[in-house]
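Here the structure is laid out as structure tokens; the discussion comes afterwards.
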Ligand SMILES: [Zn+2]
């Protein structure tokens, strides 16, 4: 009996170890957040937790850098060399002539790459007022949607899930329940794109490509 208990304990510890290592191997996404509209710290923290949870369910870990607007934040806020370092600005401006005018905009180059996105605070507030769904949960879902655009590239919208272009009662209900998520295929697509970007970056460092500023290239 004692031996059996030890075997079970060993199995459990091994299982936890494997579990821990699988979490440790999740691809890392870093996001510099610029809170231009002074969203309250509680709301912003809850929104970031919701967005991080959406990404965790897709197999990614998110690190948030809350960057001060006045001085540009800490140095880490501006270190955008890593492929999965994104920048989100929560703004009172609502951009016109964008493909995603409802809640925000992701700025993508013609090849579908991009790092910078805006979240329209007024639109999140309006959706909260009209639906009574928690504001932080709406904000976090919008943040995850715009991050999805940046990580998925062109043609990121889908007929269901967090990347649906228009959110209606079904999506709002799922936001409230915490089940508005990326589709499995989208998680795989983001992982592939991030792995591909890393390969390009490493190749650039080795080959001294002009992609990176000269002072970072081949410095030793
Ligand atoms: Zn969109």
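Which of 118, 81 comes first, and how do the rest follow, when ranked by fewest Cβ neighbours within 10 Å?
81, 118
What's the FRET efficiency of residue 155 with residue 66 using the Cβ-Cβ distance as r and R₀ = 25 Å, to the nearest 0.05?
With a Förster radius of 25 Å, E is 0.20.
What would the Debye formula give as log10 I(q)/I(0) at q = 0.19, 0.23, 0.24, 0.28 Å⁻¹ for the alpha-carbon point model of segment 127-177, no solvent?
Treating every Cα as an identical point scatterer, log10 I(q)/I(0) equals -0.60, -0.84, -0.90, -1.12.
With no solvent and one equal point scatterer per Cα, compute the Debye intensity ratio I(q)/I(0) for segment 27-203 at 0.20 Å⁻¹ and report its log10, rounded to two decimals.
Each listed q corresponds, in turn, to -1.52.
Output the Cα-based Rg and Dmax of segment 82-159 in Å, rounding Rg to one decimal and Dmax to a whole number.
12.4, 39
Cut-off is 10 Å between beta-carbons; in what order do 80, 163, 190, 177 appear when sorted fewest neighbours first?
Details: 80 13, 163 19, 190 25, 177 10.
Fewest to most other Cβ atoms nearby, the residues stand as 177, 80, 163, 190.
Which stretch or stretches of segment 117-153 have amide N atoms under 13 Å from the point lying 7 Å from residue 165's Cα along the Cα→Cβ direction?
The answer is none, because no backbone nitrogen lies closer than 13 Å to the label point.
Using the count of nearby Cβ atoms within 10 Å as a rough guide to exposure, how do 32, 110, 131 rank from fewest to most?
On the way: 32 24, 110 6, 131 17.
Fewest-to-most ranking of 32, 110, 131: 110, 131, 32.
No lab work stands behind these numbers, since they all come straight from the coordinates. Predicted model, so just to flag it, every value in this text is computed and none were measured. Backbone-built Cβ (ideal geometry, glycine too); neighbour counts: all protein chains shown.
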